[in-house]
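The values are calculated or read from the model by the stated rules, or taken from the named source; none is laboratory data. Small disclaimer: the values here were computed from a predicted structure and weren't measured. Every residue, glycine among them, receives a Cβ derived from its backbone with ideal geometry; neighbour counts consider all protein chains shown. Accessible surface areas use protein heavy atoms only, side chains included; no ligands, DNA or RNA. Shrake-Rupley method; radii C 1.70, N 1.55, O 1.52, S 1.80 Å.
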Amino acid sequence: MRMSQLFATTLREVPAEAEIASHQLLLRAGMMRKAAGGIYVFLPLGLRVLHKIETIVREEMDRTGAQELLLPIVQPAELWQQTGRWDVYGEEMFRLQDRHGRSFCLGPTHEEIITWLVANEVQSYRQLPVVLYQIQNKYRDEIRPRFGPLRSREFIMKDAYSFDRDAAGLDENYRKMYEAYARIFTRCGLSFRPVEADSGAIGGKGSHEFMALADAGEAAIVYCDACGYAANVEQAECLPPEGDGEAEAQDAGQARAGEASEPGWRRVETPGQHTVEEVARFLHVQPRNLIKTMIYLADGQPVAVLVRGDHDVNEIKLGHVLDVRHVFLADAETTERVTGAPVGFAGPIGLAQPVPMWVDQAVMAMKEAVTGGNAKDTHLVGVDPTVHFPAGYKVADLRLAQPGDLCPRCRRGRLQAARGIEVGQVFKLGTKYSEALGAMYLDENGRSHPIIMGCYGIGVSRTMAAIIEQCHDEHGIAWPMTVAPYQVIVVPVNAAEAPQWEAATQVYGQLQAAGVEVVLDDRSERPGVKFKDADLMGFPLRVTIGPRGLKEGKAELRWRASGQEEAVPLDQVVSRVQQAIADELQRYTP
Ligand code: ATP
Ligand code: MG
């Protein structure tokens, strides 16, 4: 490819719409353009990268024995109504009607349609197991599309679905997919970590997310260096404080004396003190001596949720224990009605309106705690949950794991925190979809059973952005060799000088003939401009042909990622480049 022909315009300025490196660099390097919020054009260079990732994905899927097919993007509403997800998906689903008024959606995922397909095609145990996958656009009307392809509304996903006779078969397919995912992300040059995950709206039990480690990642993860436990914080379990040895360490502090209202606890005035930090400072205690009481709406019904002052509620865990679809913090009006006080003074004792009370297990180990007093500028001190909480409360693991927590798995290491980009997720679905859509098989004895399913997704376009998040510097992208749009760029320092031009076109032709993916920068730009563009676009190797090297019959080979340089005799450029490519590819071989 000649640079003068390449349909790619680089931008010097950082586009204002882009906040993070991958989004900025994809635009600046001429790989992508925005068509609408969260909807992008992939230009030739960007598309080549996507194709490379897709090739890696296909090779690894095929290696597991999975078979590729292509499902429709436009899907009939009826299938989604049968599983109940036509309603559950809510506003994230793009919906449309045809000219006859029939409802369809643009597939945000494909469990329904593939299960319908398999229900029709599979009758006997002899046809199982089978694993099917596709690579295709998905549509999700994300509430906040941002960060370019990391969270877009139209994106490319590889989705695979496994169909098995029994749980052991599912376990085996799940393991194969998990291993294939590790190979895929290794080959893409990503530094990643599989973590235990919540299965979210897809449903089912048992799931892992593959997280590309990056500060720009939206996901918070915790991991233990001692045993290798790793989980999305949404999912990470917390030990009861006994297991944590923290109960003894608790320091009740020197609470101010107040009016004694009942044996054991006292009411104190805390004028203008709202936040945990303010109240703790005012009462000369630690945040961990406070109990935060929050009013949530669980499918519209108010509940009181209590966690220790230095902890946060895990709304996913809360949703699970309450067995509801939506949980969110109540509005001020509801909170004031339930507590009988302005926001900031909620507590478990003396609520104006009785509501179900859910208490995080760490709270139950507290002694002499401070709680809100359900009245303006009022807190209670000396509260002992086991003695003073009104009867009927329920205890559960409701909090977010934090760095420093004792590892819930090995109970030796301490959890550490990191951020990640979820590039893939694997789920054990069980029979949720097969039962809803009648995907049954007959066993050896002619008995009918629902097929056991798993599903497995990789965000292909998100993976491209995640790679850039990990592989860039202030000059631009530094693609791993495995996914680079072209492997090599040949740059004559001055294309108008005949000897340089001749040497450059000769090297370019030889590299092409050797099967190397190569760009020739044939433009009459200044060398600085050409070098800048090459660095921005991130070709892993640059061959520079300039007057000084030519005098000695040499070209300069430069590695984009490391900046390493090497003078190579012209007649050895092809073999040296081939060697360098082979070495680079080897680095990413699992
Ligand atoms: P997230 O939690 O980030 O919204 P998800 O868990 O809803 O993602 P899945 O249903 O597990 O996503 O989809 C499989 C994969 O598709 C994800 O692991 C991710 O790589 C990719 N993906 C999901 N949503 C988007 C999006 N809006 N833009 C780009 N890729 C996405
Ligand atoms: Mg996911």
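Check Phe147, Phe155 and return the single one that is on the phi > 0 side of the Ramachandran plot, crowded, with 17+ Cβ neighbours inside 10 Å, assigned by TED's automatic domain parsing to the domain that holds Val41 and not acidic (Asp, Glu).
Phe147
Among the residues that make up region 484-498, is at least one of them part of a helix (DSSP H, G or I) and either without any contact (Cβ under 8 Å) to a residue 60 or more places away in the chain or on the phi < 0 side of the Ramachandran plot (or both)?
yes
Test of understanding: among Ile421, Ile489, Ile468, which residue is within 30 Å of Tyr181 (Cα to Cα), away from ligand 2 (no atom under 16 Å from the Cβ) and either in the same structural domain as Val222 (by TED's automatic domain parsing) or buried (at least 19 other Cβ atoms within 10 Å of the Cβ) (or both)?
Just one listed residue meets the conditions, Ile468.
Of all helices (runs of 4 or more DSSP H) completely enclosed by region 511-590, which ones contain at least 3 residues that are within 25 Å of Arg48 (Cβ to Cβ)?
In region 511-590, the matching helices (runs of 4 or more DSSP H) lie at 527-537, 573-587.
In region 70-115, which strands (runs of 3 or more DSSP E) lie fully inside it and hold 1 or more residues that are in contact with a strand residue (DSSP E or B) (Cβ under 6 Å, 6 or more places away or on another chain), of a type in the set (Phe, Trp, Tyr) and away from ligand 1 (no atom under 16 Å from the Cβ)?
Result: 103-106.
Which residue, of Arg548, Arg542, Arg560, is open to solvent by less than 60 Å² (accessible area, probe 1.4 Å) and over 12 Å from Val490 (Cβ atoms)?
It is Arg560.
For region 326-349, which positions are hydrophobic (A, V, I, L, M, F, W, C) and more than 14 Å from Asn374 (Cα to Cα)?
If the condition is that a residue be hydrophobic (A, V, I, L, M, F, W, C) and more than 14 Å from Asn374 (Cα to Cα), then Val327, Phe328, Leu329, Ala330 are the ones that fit.
Identify all residues within region 7-39 that are crowded, with 18+ Cβ neighbours inside 10 Å and either at pLDDT below 95 or among the basic types (Lys, Arg) (or both); write none if there are none.
Scanning region 7-39 gives Ala18, Arg28.
Within the group Tyr178, Tyr139, which residue is touching a residue at least 40 places away in the same chain (Cβ under 8 Å), aromatic (Phe, Trp, Tyr) and in contact with a Phe, Trp or Tyr (Cβ under 6 Å, 6 or more places away or on another chain)?
Every option except Tyr139 fails the conditions.
Give just the number: which of (1) modelled with pLDDT under 95; (2) more than 10 Å from ligand 1 (Cβ to nearest atom); (3) of a type outside the set (Asp, Glu) does Ile202 not satisfy?
(2)
Is one or more of the residues making up region 350-366 surrounded by fewer than 18 Cβ atoms within 10 Å (Cβ to Cβ), touching a Gly at 6+ places or on another chain (Cβ under 6 Å) and in a loop (DSSP other than H, G, I, E, B)?
yes
Filter region 173-190 down to residues that are away from ligand 2 (no atom under 16 Å from the Cβ), surrounded by 15 or more Cβ atoms within 10 Å (Cβ to Cβ) and either modelled with pLDDT under 95 or not basic (Lys, Arg) (or both), then give me how many there are.
Of the residues in region 173-190, 7 are away from ligand 2 (no atom under 16 Å from the Cβ), surrounded by 15 or more Cβ atoms within 10 Å (Cβ to Cβ) and either modelled with pLDDT under 95 or not basic (Lys, Arg) (or both).
So if I check each of Asp198, Asp164, which one is in the same structural domain as Met464 (by TED's automatic domain parsing) and away from ligand 2 (no atom under 16 Å from the Cβ)?
Exactly one residue qualifies, and that residue is Asp164.
Can you tell me which residue among Phe328, Phe345 is among the aromatic types (Phe, Trp, Tyr) and open to solvent by 10 Å² or more (accessible area, probe 1.4 Å)?
Exactly one of Phe328, Phe345 is among the aromatic types (Phe, Trp, Tyr) and open to solvent by 10 Å² or more (accessible area, probe 1.4 Å), namely Phe328.
Quick one: would you say Glu278 is under 30 Å from Phe389 (Cβ atoms), open to solvent by 50 Å² or more (accessible area, probe 1.4 Å) and either at pLDDT 90 or above or within 16 Å of ligand 1 (Cβ to nearest atom) (or both)?
So Glu278 fits the description; yes.
Show me the strands (runs of 3 or more DSSP E) entirely contained within region 400-460 in which 2 or more residues are within 16 Å of ligand 1 (Cβ to nearest atom).
In region 400-460, the matching strands (runs of 3 or more DSSP E) lie at 415-430, 452-459.
If I go through region 6-51 residue by residue, how many of them are without any contact (Cβ under 8 Å) to a residue 60 or more places away in the chain, of a type in the set (A, V, I, L, M, F, W, C) and within 11 Å of Leu536 (Cβ to Cβ)?
Here the count works out to 1.
Which of the residues spanning region 116-139 are part of a strand (DSSP E or B) and open to solvent by less than 10 Å² (accessible area, probe 1.4 Å)?
Correct list: Tyr133, Gln134, Lys138.
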